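S.K.: Pasting a structure below so you can have a look.
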Amino acid sequence: MESYINGPEALASWSGSTQNPISMWASELQDGAQGYGHYLTEVSPLANKVGFGYAKTANGTTIAVMEIGYHK
C-alpha cells in the first residue's frame, strides 16, 4: 500500500531584485537565522519528494515555497 506523508515547508518572499530562495535558505547554516529551520528542511534525510512553486503578487512581491514529503 502506498502512502504519502507531507513534511515541513519553507517560505521566502522578496521585492525588487532577483533572489535565489534555495541560496537564501541554505545561508541559514552560516548565519543561524530562524534556528536553521529552512536549511534543515532542504537537507532532511526523511524526504524523498519535494514540491516547489513561485507566485508574484499584484504589488511585485515574489513568494517561493518548498514543501518536502515522503512516499513509501
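S.K.: Quick check on my filter: what residues within segment 41-58 are in contact (Cβ under 8 Å) with a residue 12 or more places away in the chain and of a type outside the set (Lys, Arg)?
M.R.: Selection gives Thr41, Glu42, Ser44, Leu46, Ala47, Asn48, Val50, Gly51, Phe52, Gly53.
S.K.: Can you go through Gly51, Gly32 and tell me which one is at pLDDT below 70 and either surrounded by 15 or more Cβ atoms within 10 Å (Cβ to Cβ) or farther than 18 Å from Thr61 by Cβ (or both)?
M.R.: Result of the check over Gly51, Gly32: Gly32.
S.K.: Against the conditions (1) surrounded by 12 or more Cβ atoms within 10 Å (Cβ to Cβ); (2) of a type outside the set (Val, Ile, Thr); (3) at pLDDT below 80, where does Glu2 fall short? Just the number, please.
M.R.: Tallying (1) surrounded by 12 or more Cβ atoms within 10 Å (Cβ to Cβ); (2) of a type outside the set (Val, Ile, Thr); (3) at pLDDT below 80, Glu2 fails exactly one: (1).
S.K.: Still on this structure: Which condition breaks for Met66 when tested against (1) part of a helix (DSSP H, G or I); (2) surrounded by 11 or more Cβ atoms within 10 Å (Cβ to Cβ); (3) modelled with pLDDT of 80 or more?
M.R.: (1)
S.K.: Counting only residues that are loosely packed, with under 13 Cβ neighbours inside 10 Å and assigned to a loop (DSSP other than H, G, I, E, B), which one in segment 35-48 is modelled with the highest pLDDT?
M.R.: Only one residue fits best here, namely Asn48.
The values are calculated or read from the model by the stated rules, or taken from the named source; none is laboratory data. What you are looking at is a predicted structure, and each value in this text was computed from that prediction instead of being measured. Note that each Cβ is placed from the backbone with ideal geometry, even for glycine, and that neighbours are counted across all protein chains shown.
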